[in-house]
Amino acid sequence: MMKKNRKANGIRSASAKLAVAALALALLAGCSGKPKSDDSSGKPFPKLQLLYNISESHKLIAETLQQMWKKELGIQVDLANVEWKTYLKSLQSLDYQIARAGWIGDYPDPNTFLDMFVTDGGNNQTGWSNAEYDKLIKAAAMEGNADERMKMFHDAEEILMKEMPIMPIYFYVNKNLVKDFVKGMHFNMRDLHILKYVYLEKNGKVLPPQEQAFLFNLSAEPETLDPGMMTGSVEFTISTQIFEGLVQYDPDTLEPIPGMAESWEVNDEHTEFVFHLRRNAKWTNGDPVTAGDFVYSWKRVLEPETTAEYAYQLFYIKNAKKYYDKEISDFSQVGLKAVDDFTLKVTLDSPTHFWLDLLAFHTLMPVNKKCVEKFNDKWTRPENIVTNGPFKLTEWKPKSKLVMVKNPGYYDAAKVRLSKLVAYSVEDNITAVSMFEAGQSYWVNTIPLPYSEKYSNDPQAKKTDFLAVYYYRFNTTKEPLNDPRVRRALNLAINKDELVKFVTKSGEKTATTFVPHMHMKDYEPPQGEDYNPEEARRLLREAGYAVKTGK
Amino acid sequence: MLRYVARRLLTAIPVLWIIVTITFFMMRLAPGGPFSRERVMPAEVQKMIEERYHLDEPLVKQYFRYMGNLLRGDLGPSFRYKDRSVNEILAAGLPTTLQLGSLALLFALLVGIPAGCLAAFRQNSAVDYAAMSFSMVGVSVPNFVVLSTLIYFFAVKLKILTVSGWGRWDQMICPVVALGLMYSAYIARLSRAGMLEVIRQDFIRTARAKGLPERLVIIRHSIKAGLLPVVSFLGPAGAAILTGSLIIETISGVPGIGREFVNSALNRDYTLTIGTVILYSGFLIIFNLAVDIVYAFLDPRIVYE
Amino acid sequence: MTNENKKNSAAADVQPVKGTSLWKDAWRRLLKNRMAVAGGALLILIACAAILAPALTPYAFDEIHLSDGNHPPSGDYPLGADHLGRDLLTRILYGGRVSLAVGIVATFVSIIIGVSYGAAAGYLGGRADNIMMRFVDILYGLPFMFLVILMMVIFHNAPAEKKLYLLFIGLGAVQWLTMSRITRGQTLSIKTKEYIMAARTSGAGAFRIVSRHVIPNLLGPVIVYATLTVPAVMLEEAFLSFLGLGVQAPMASWGSLASDGRQSLDTYPWQMIFPGLALAITLFSLNFLGDGLRDALDPQMKDQK
């Protein structure tokens, strides 16, 4: 109605403003160029959309790929940045064309990278399916011979790279900034930090206990301090300091070493484990840590009412899944038994070679029954919490900081030199680095991109290869990406060396294959394809598309 | 007056109800849920968890369940921060946000009103331009730029302030100034405009003509009337400090609820989102009401029936 | 571009409404305000630069030169280069188009909604007015920015251009409430003027009266408020950019450039300083021009954010 009024009256300002708006829109439309095609020998390549979740580095990589594809193949790609939950939803419902992704391995074995791409695997999310691949992955899981098993993974990855439902970009690097007076930090392929080994030193002398306060940034507010309920690395960092599982990780190799269990025996089939708990391990309330505590804690995770999202980590135990699904209600049928106070017997469904590694994971850490039952959902508050790790929680200021002090009752307390941990939950990367530079924290677990050059030769910057790969997913169910030639062409057109050198800038290794093989000494990766724009164009033409380079 | 206040508070109830309803359903339109993760969990685990949180029920049923709890004052559990309820999270963060907001407003008033008055009394002079230019910085530069610059120079380079945190004065200066600067700009402009209007009015001229000293004229007559627009601005501003502090709280690591406003929505923490929205709207209503009451005291011509 | 036209249009308005010397008076008053004139001139300059961007720079806005990443200001890159070696001057010029367009179009949206709503309420008066304004009161309690964020999340799938429209509409919708209040107030006072009475007695319909007499007389305050809304919208866009919900990369706005540049304050400061300056100078000019217009057109006006 108003528009009519305006027209009727011929108000010049209104029409002038409309013109301005139209002009503005026209100008904006001009910003995005139209694809050109002068090669009549094929159909024009449709415009693609690339999905990434909001983050400065994802954006820069996406922008670089967009330009590389435009230059080498003349392909137009629209970028779409969405927030995290939308991104996850789009991937899971295959509502995308190309999407950035990353995968962190659970243990140094090709399986943790390759089994996700089996047909209908929950983490496949590409729509890709290959019967031979499925067969190989399944066979590898059953294979007892290590060499044979690795060969199967090799063949499987070869198929994956030939079909290319995913395009590996580079292998991640952990970038930690640590002050030079901090000693005993270990840097491993999973970026797990066990702070009981850390101590502070000034002028070659270990500082006295009262000055052994280690300040660091956690990068987010922990969602929970209940190890059974945790899902993320921020929470894991805290639980590693205040709890301890049956085993713990060697800080360098991440091999399982004795924790609450002093020793263990395994049967030949790798299905039955007997753990002998150390007798001097105590909860912070003075009670001994017993086999019954583990039965209680794991049973608790397996009760659906607990709503532990990682309950499935325990499904390797015999009948555990059935118990969770309420197919059986008698917990004594589950393969978990406290033989006596200090002996725990675990029976697995099938041989699980990473079972021992899993024991150090937060989901399997023990919780104190008395404490949990007394305080219910408030048991993780500093005034209530009972733990068994090298440090104990004394203060938790939400969204601000957690304070932990050395636990004098810890069985290995004599070797713990830090007397206090202060973990800030500062989310902003830049603020975190500023705190480090201003001396208000001694350790930051990431170096933001704009700082990579500043710290490229700084001894405070510790870079180690991460058991993780940065890659892109293709939605293989829709044109034009349902054609493996197109997917391979897109991969071949990317100059990953340049990308790593100029964009990510932290010494990442380019990935021509998917599995971070440098962490797996027995694994021989298949031959990957290097940057080859000529071949990329050939493949596109072969797929029936007109190729026009942007140059 | 009391009846007026009561009536205003009564009308607030439907407003809050509408807001809760809109937020409730809009949140569910957003893709993904509180438990969608990068690693897809097995379907049975997902199902169990959704059952546990009643997310498997029809939306309308969930809505009535939520409204029922809300009427009892229970905002529910947080979907993300599993160790805390929404009530607890809001109670923990609110004092900090209010402290940040009121300090910022105080700063804004201390800077804005003198600048505005000065500018008004020396209209179109160098003083006017200087005062207005200075105050304009706040509305011309995004607050994340202001805050980053303050932190960089005073905390990282000069090391006289602390980069992040809340509680000590050396942690509070940067966020308070960065947040307050914007309000000081508005306040300076409003008070300038208000004063200009008052100065032109007859009673001031009369006062001047009566030979009253200039300073007395200013204090006794103009300031009270000239600042009315500032007062009415304080209503929305008072509530805006809750949300406006999102960026400030994130960058400065202030443990308030300002950042919860957006973060909870992005995390699909449905209950926490509605909780913060109720809080915001409640504050907005109360602040606006308070402003109208103060207005009545400042300007006796206004009568509330 | 757009601001130049805007200013011209403001000037153009001066001519057609004759019969009163009000507009000429206003124009004269405006010219006397040196800061406002300077602001207007700067705006024209900035707008021209944004329009002529393709002619002013040899680069495309998304053209990367990886080996020149983070190049400091030099002959090749007058304002330096960003992380991917894109010329910052080019990015700022093109970003200006986005920022100015968002500011102007969103303001225009707010004018359309606000003026029609406010004029209708004011003209109809009585019960209708009461209900309509109560509705505005209710909306004042809504956290609009939050709803815009939710909207950007829900419509994530929209292509880049459509997302921009969403931004226009969303940010415009945030601003229309105050616009409608101002319009209503003006309409109420205009309604009682003699010439309206005259028109009514001569048999003119409501539609004709509103369009012929009421709306033209509203222009003054609306223009003034619009010049103040543009900066507010541009800052809101910067806020969304900070959250990553603004314009779609590789397109940039001043807000997104400054937000990205904030991270490089320590290492490559030009990446924050120049976009921040572009935004600041523009908003500075707009604010001064807006204040000047208010002083000139309607010294009585108050109660603006």
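Derivation of every value follows stated rules applied to the coordinates shown; laboratory data play no part. Not measured: the values here are computed from a predicted model. Neighbour counts are summed over all protein chains in view; Cβ atoms, including those assigned to glycine, are modelled from backbone coordinates with ideal geometry.
Summary table below
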read-out: Scattering curve values for region C:207-276, log₁₀ I(q)/I(0), Debye with Cα scatterers, q = 0.13 Å⁻¹; value: -0.53
read-out: Nearest 10 degrees, 0 to 90: helix B:2-29 Cα axis against chain B principal axis; value: 50 degrees
read-out: Nitroxide proxy distance, nm - points 7 Å out along Cα→Cβ at B:Glu44 and B:Leu29; value: 3.8 nm
read-out: More than 33 angstrom apart: percent of Cα pairs within chain A; value: 51 percent
read-out: Value of [θ]222 nm, deg cm²/dmol, for chain B, DSSP H segments ≥ 4, -39500 (n - 2.57) each, nearest 500; value: -23500 deg cm²/dmol
read-out: Rg over Rh [alpha-carbon atoms, Kirkwood Rh] for the protein assembly as shown; value: 1.00
read-out: Given charges at beta-carbon only (K, R positive; D, E negative), |dipole| of the protein assembly as shown in Debye; value: 6460 debye
read-out: Fewest-first ranking of C:Ile113, C:Ile215, B:Ile248, using other Cβ atoms within 10 Å as the exposure measure; value: C:Ile113, C:Ile215, B:Ile248
read-out: Sorted by Cβ density within 10 Å, fewest first, the residues A:Tyr96, A:Tyr197; value: A:Tyr197, A:Tyr96
read-out: Radius ratio Rg over Rh of region C:28-108, counting only Cα atoms, Kirkwood formula for Rh; value: 1.12
read-out: Inter-label distance, nm, simple model (7 Å from Cα along the C-beta direction), C:Ala198/B:Ala130; value: 5.0 nm
read-out: 5 angstrom amide H check on A:Leu215, placed H, neighbours 5+ away; value: A:Val422, A:Tyr442
read-out: Structure-based [θ]222 nm, chain A - -39500 (n - 2.57) summed over DSSP H runs of at least 4, per residue, nearest 500; value: -8500 deg cm²/dmol
read-out: Approximate spin-label separation A:Thr119-A:Glu534, in nm, with each point projected 7 Å along Cα-to-Cβ; value: 3.9 nm
read-out: Among B:Val146, B:Gly33, B:Ile18 - extreme Cα towards positive end, dipole of chain B, charges at beta-carbon; value: B:Val146
read-out: Additional length obtainable on full extension of the chain from A:Val405 to A:Ser329, 0.36 nm per residue less Cα span; value: 23.3 nm
read-out: HN-Hα J in Hz across region A:124-130 - Karplus 6.51, -1.76, 1.60, θ = phi - 60°, x for Gly and Pro; value: 5, 6, 10, x, 7, 8, 9
read-out: Cα centroid separation, region A:410-436 to region A:77-98 (Å); value: 35 Å
read-out: Charge dipole of chain A about the Cα centre (unit charges at C-beta), most positive-ward option of A:Val295, A:Val386, A:Phe153; value: A:Val386
read-out: Exposed GluC sites (Glu not before Pro) absent - longest run of chain A, DSSP non-H/G/I/E/B, at most 10 other C-beta within 10 Å; value: A:1-268
read-out: Residues in region A:285-324 reached by a label modelled at A:Phe375 [backbone nitrogen below 12 Å; 7 Å Cα→Cβ]; value: A:285
read-out: Extension gain, B:Thr21 back to B:Ala6 (0.36 nm per residue minus Cα-Cα distance, nm); value: 3.0 nm
read-out: Residue-by-residue Karplus 3J(HN,Hα) for region A:261-277, coefficients 6.51, -1.76, 1.60, Hz, glycine and proline x; value: 8, 7, 7, 7, 10, 10, 7, 5, 7, 6, 10, 10, 10, 10, 9, 9, 7
read-out: Check: region A:52-110 dipole with +1 on Lys, Arg Cβ and -1 on Asp, Glu Cβ, in debye; value: 180 debye
read-out: Isotropically averaged projected area of chain C, using the convex hull of Cα atoms (one quarter of hull area), nm²; value: 17.7 nm²
read-out: Extreme residue, positive dipole direction of region A:423-495, given options A:Ala461, A:Thr477, A:Thr431 (C-beta unit charges); value: A:Thr477
read-out: Computed P(r) (all Cα pairs; region A:39-188; 5 Å bins; percent); value: 2, 8, 13, 16, 15, 15, 12, 9, 6, 3, 1, 0, 0, 0
